[in-house]
1. For a quick check of your reading: which helices (runs of 4 or more DSSP H) sit entirely within segment 221-285 and have at least 2 residues that are in contact (Cβ under 8 Å) with a residue 40 or more places away in the chain and surrounded by 13 or more Cβ atoms within 10 Å (Cβ to Cβ)?
2. Among the residues of segment 130-138, is there at least one that is of a type in the set (A, V, I, L, M, F, W, C), surrounded by fewer than 22 Cβ atoms within 10 Å (Cβ to Cβ) and touching a helix residue (DSSP H, G or I) at 6+ places or on another chain (Cβ under 6 Å)?
3. Looking only at segment 48-76, count how many residues are in contact with an Asp or Glu (Cβ under 6 Å, 6 or more places away or on another chain) and not in a helix (DSSP H, G or I).
Amino acid sequence: MNIAVTFLPRQERAPLPPIGFIGGGNMASAIIGGLIKRQIPATAFEVVEPLAEARERLRHDFGITAQAEAGAALERCGVVVWAVKPQSFAQAAQAVRGLAKDALHLSVAAGIPSESIARWLATEKVVRAMPNTPALVGKGMTGLFARQAVDAAGHKLVEQVLEATGELIWVDAESALDAVTAVSGSGPAYVFYFIEAMTEAGIELGLTPEQAHRLAVGTFTGASTLANDASEPPAVLRERVTSKGGTTYAAITSLESADVKGKFKAAIRAAHLRAAELAEEFGRG
């Protein structure tokens with residue numbers, strides 16, 4: 001299946017409208033923090049967060065007074081960001097439906113189809129985002145899908161809200177977000193898994209835990225930067241450091257004989273399948 005993907009250029013910034021957040025946890029805080037670094041004042045945000053501990057963290061970190069329940073304050077918002085747990089979305093939408101009627105709704109909740117969001121909120125102005133956890137440090141990858149009612153200005157508005165979290169791509173088919181979930185949404189866990197294995201191997205070979213960890217993390221960081229900056233594909237970069245009969249050759253041969261690449265691709269396909277199942281499960285109601 002061929003899926004069109006658009007890698008977006010950076011846009012000139014226009015003034016942002018007040019932004020509402022339903023949910024004030026880690027992902028909401030990453031977005032808010034990035035916007036505040038761009039000199040967006042705390043008064044520009046309306047946050048609904050039922051947990052007192054999270055409300056206090058927002059006050060301490062950003063000077064934002066969050067509310068425990070949705071109310072009329074959301075009516076001034078031009079964008080409402082949905083950063084709730086998927087299983088809580090439908091219930092939370094009942095309290096917000098009818099508020100911020102002209103707002104664009106941006107969901108970063110995993111697995112909730114845009115059709116369900118549009119139905120629950122009685123609006124077609126819906127964008128789905130699939131971010132990953134490096135967004136917390138401004139190094140995320142986020143896939144985006146917009147319903148047809150979202151115009152070019154709405155696309156730019158979403159880009160402005162999310163640009164501080166890292167790289168953004170638009171996909172033309174909502175089903176592609178399941179692939180985004182499988183590759184990059186779950187992807188940090190794959191990287192951590194390999195870092196864990198490399199660290200353990202280094203310790204077993206006589207390095208200290210600190211040495212092994214630094215070597216593993218630094219290798220991933222450096223190799224990722226090289227892959228990003230290089231004009232050649234990863235396979236060519238790999239071949240350049242794999243001299244026949246050498247140490248890298250021995251390692252790659254061992255991986256190939258164990259079909260690690262095939263098993264890894266199967267794991268990503270399993271994540272893709274589960275993403276589709278969750279969309280069906282959470283989209284009911």
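Every number in this text was worked out from the coordinates using simple rules, so none of it is lab data. The model shown is predicted, which means the values in this text are computed figures rather than measured ones. Here the Cβ positions follow ideal geometry from the backbone for every residue, glycine too, while neighbour counts run over all protein chains shown.
1. Details: elements: 234-240, 247-257, 260-282.
Answer list for segment 221-285: 260-282.
2. Looking for residues that are of a type in the set (A, V, I, L, M, F, W, C), surrounded by fewer than 22 Cβ atoms within 10 Å (Cβ to Cβ) and touching a helix residue (DSSP H, G or I) at 6+ places or on another chain (Cβ under 6 Å), one finds at least one in segment 130-138, hence yes.
3. Going through segment 48-76 one residue at a time, the tally reaches 1.
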